[in-house]
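Participant: Just passing along the structure, written as structure tokens.
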């Protein structure tokens with residue numbers, strides 16, 4: 001099923017299980033649906049199964065949102081107590097669409113509790129109290145875990161709540177992460193349980209004794225290994241440490257949850273040459289969650305880190321927000337530079353990332369799916385550096401393997417059913433759902449000031465320029481300036497330097513003038529006139 005087909009089904013208001021292989025576009029599709037709902041004045045409730053996943057989607061954990069907390073069973077007394085919590089009752093009664101991300105890690109008993117709470121508080125006998133429920137995730141990813149002394153955790157699809165919801169399965173078939181067909185075939189084979197000698201042989205071709213490039217992130221299965229590696233590597237670099245302290249505002253308990261689960265640390269310590277990883281998506285800024293780079297400078301005005309990515313882009317990384325929203329209102333916010341040291345990271349925290357390269361030792365893998373999650377973070381086979389591999393690393397949960405084919409078959413049937421619908425009938429269902437949720441058929445009109453239009457046009461022009469010159473408009477790092485002067489004095493032309501640094505020849509010329517390497521009175525006069533005009537504004 002394509003993303004467009006899944007989005008069309010979501011818009012009809014049916015309950016949905018949105019799934020697919022890593023990189024198939026689950027998050028992108030959900031974000032499109034969230035934008036669609038907000039355009040029609042419907043505010044979705046966005047939650048996730050874990051704290052880390054919740055920070056990625058800007059929502060709360062399903063445990064916190066629903067009032068279930070850590071409970072896996074609710075007595076009548078517990079339900080009565082929940083009904084006394086006025087803010088909770090108000091939140092659940094005003095909800096219209098409930099999204100639960102990373103559903104693979106949610107225990108069946110918790111989902112059952114959530115469903116029971118919603119029916120009770122909302123006073124409606126329909127599944128989940130009449131909400132549209134959207135499960136998002138991939139059961140081949142990390143499974144739910146149980147605490148000591150607890151009964152073994154069960155997958156959420158085994159619960160009565162799942163059966164009550166009876167979601168339409170939308171199994172996405174597109175691929176937007178893996179760019180290597182051979183590697184994609186290997187991952188698909190692991191996913192199908194087809195782990196023959198040919199798979200081991202294929203992966204063994206990427207076995208290494210050491211990492212050839214320090215920008216390659218190490219993936220470990222244990223936190224202690226990660227902390228030790230990052231602290232050791234930063235300590236080896238000579239030079240001053242720059243620190244960036246996280247800021248926060250809002251509900252103290254929610255803020256603490258954001259801090260705990262944010263992949264960027266509360267105090268980020270960096271040095272020049274530190275290997276770092278971006279921890280949020282910022283498409284306009286030129287990076288995504290998982291982009292790797294090296295710190296090459298600190299901005300002279302803001303002090304923010306300047307990095308060179310593996311693709312050669314020079315980016316100044318500004319602080320960004322992580323928020324918890326509910327019904328369109330921000331309840332808590334933390335602000336930090338979206339970076340972390342990236343000599344190493346845990347497999348668990350890498351979930352949802354797309355890495356250009358990774359070094360991993362899977363000889364200590366201990367959970368079903370752990371090896372598959374790690375391997376599927378990497379875009380290509382060439383970016384994989386394998387130090388070790390045990391038999392458990394390539395195993396996927398046998399129960400998931402069995403149910404996956406059912407999900408695929410069900411998705412195909414749903415696809416055929418909706419494709420056979422008359423377009424007018426489909427649009428009628430979508431409009432009926434909008435009205436039933438109290439939304440408006442007309443999209444919200446967003447007022448755009450002339451200045452904002454000009455900025456948008458300017459940004460569009462810049463992005464077009466960067467297709468040919470990837471570093472156009474980006475700040476110069478000192479080492480790049482020094483290298484440019486050396487190459488220029490060695491006989492390289494401005495055009496050749498432009499190709500080398502990914503910048504327009506005119507930008508090279510301007511930089512050489514600024515550095516006093518060449519003289520250009522006309523350029524200097526134009527620049528002074530431009531500055532004076534800007535000051536008058």
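Bear in mind these aren't lab numbers, they're just calculated from the coordinates by the rules spelled out. Just so you know, these numbers come straight off a predicted model, no measurement behind them. With ideal geometry, Cβ positions are generated from the backbone for all residues, glycine too; neighbour counts draw on all protein chains shown.
Participant: Find how much the distance from residue 80 to residue 406 grows on full extension, using 0.36 nm per residue of separation minus their present alpha carbon separation; answer in nm with one decimal. Please report the intermediate quantities before stating the final value.
Facilitator: Working: separation 326, 0.36 × 326 = 117.36 nm, distance 3.87 nm.
Taking 0.36 nm per residue and subtracting the Cα distance, the gain is 113.5 nm.
Participant: Sorting 330, 103, 314 on the 10 Å Cβ count, fewest up front, what's the list?
Facilitator: The order, fewest Cβ neighbours first, is 330, 314, 103.
Participant: Using Cβ counts within 10 Å as a stand-in for footprinting exposure, how do 10, 394 rank, fewest first?
Facilitator: The most exposed by this proxy come first: 394, 10.
Participant: Report the antiparallel proportion of the DSSP beta bridges in the chain as a percent, rounded to a multiple of 5.
Facilitator: Counting DSSP beta bridges with both partners in the chain, the antiparallel share is about 50 percent.
Participant: Compute the distance in nm between two label points, each set 7 Å from the Cα along the Cα-to-Cβ direction, one at residue 431 and one at residue 273.
Facilitator: So the two model labels end up 6.6 nm from each other.
Participant: Then there is this: Calculated FRET efficiency, residue 237 and residue 329, Cβ-Cβ r, R0 25 Å, to nearest 0.05? Provide the component values of the computation, followed by the final result.
Facilitator: Numbers: r = 43 Å, r/R0 = 1.71.
Step by step, r from the Cβ atoms, then E = 0.05.
Participant: Which value at 222 nm does the chain reach when only helices count, each DSSP H run of 4 or more adding -39,500 (n - 2.57), with the total divided by all residues and rounded to the nearest 500 deg cm²/dmol?
Facilitator: Details: 21 runs with 226 residues, N = 537.
Roughly -12500 deg cm²/dmol at 222 nm, from the helical runs in the chain.
Participant: How large is the Kirkwood hydrodynamic radius of the chain, in angstrom, based on all distinct alpha carbon pairs?
Facilitator: 25.8 Å
Participant: I'd like the orientation of helix 108-122 relative to the chain: the angle between its Cα long axis and the longest Cα principal axis, in ° from 0 to 90, rounded to 10.
Facilitator: 70 degrees
Participant: Right, another one. Report the per residue volume, in Å³, of the convex hull enclosing the C-alpha atoms of the stretch 300-414.
Facilitator: In the stretch 300-414, the Cα hull volume divided by residue count equals 205 Å³.
Participant: Under a crude label model (7 Å from the Cα following the beta-carbon direction), how far is residue 151 from residue 252 in nanometres?
Facilitator: The answer from the label model is 3.7 nm.
Participant: Report, largest value first, the span of the C-alpha coordinates of the stretch 361-407 along each principal axis, in whole Å.
Facilitator: Here the Cα extents, ordered largest to smallest, are 34, 23, 11 Å.
Participant: What's the extension gain from residue 222 to residue 210 if we count 0.36 nm per residue and subtract their Cα-Cα distance?
Facilitator: Values: separation 12, 0.36 × 12 = 4.32 nm, distance 1.93 nm.
Length gained between residue 222 and residue 210: 2.4 nm.
Participant: Related question: Treat the count of other C-beta atoms within 10 Å as a stand-in for reagent exposure and order 483, 325, 21, 86 from fewest to most.
Facilitator: Going from least to most buried by this count: 86, 483, 325, 21.
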